[in-house]
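Undergrad: Okay, here's the structure, questions in a sec.
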Amino acid sequence: MFITVFSMFRKAKKSWSLSPFLGALILAVLIPGCSSGEDVYAQQREAMVRDQIAARGISDEAVLSSLRAVPRHLFVPPRYRDLAYIDSPLSIGSEQTISQPYIVALMT
């Protein structure tokens, strides 16, 4: 299934481009287990929002909903995916980091 969908996007790319964020969301659906009720990353995202963000006073529902929806683990190298939802910046390569979730929420 993944190969078929990937081929479809590759052929379609000639007429439009796929944004990196949309691509990450599509991958989240295509990766086995990500769309099931047992999605470990979805549970980690929910715990992150509840324990790290809302518990520290961030109450804007748009911010909380966004943090619940973004598959942060897809934006870090595979070796850091298990750490994607801790309240810490993580290296994404080229001497760059993805900001810690609380700071992202605070600045939004």
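The values are calculated or read from the model by the stated rules, or taken from the named source; none is laboratory data. Predicted model, so just to flag it, every value in this text is computed and none were measured. Keep in mind that these areas ignore ligands, DNA and RNA; they rest on the heavy atoms of the full protein, side chains included. Shrake-Rupley method; radii C 1.70, N 1.55, O 1.52, S 1.80 Å.
Undergrad: When only the heavy atoms of the protein chains count and the probe is 1.4 Å, how do Thr97, Thr108 rank by accessible area, highest first? If you can, show how the numbers build up before the last one.
TA: Details: Thr97 85, Thr108 115 Å².
The ranking, largest first, comes out as Thr108, Thr97.
Undergrad: What are the ³J(HN,Hα) values, in whole Hz, obtained from phi via the Karplus relation 6.51 cos²θ - 1.76 cosθ + 1.60 with θ = phi - 60°, for each residue of the stretch 76-85 in sequence order, with x given for Gly and Pro?
TA: Karplus values, whole Hz, x for Gly and Pro: 10, x, x, 5, 10, 4, 5, 9, 4, 10.
Undergrad: Which whole-percent values make up P(r) of the stretch 36-81 when all C-alpha to C-alpha distances are grouped in 5 Å steps starting at zero?
TA: All Cα pairs, binned at 5 Å, distribute as 5, 21, 27, 24, 16, 6, 1 percent.
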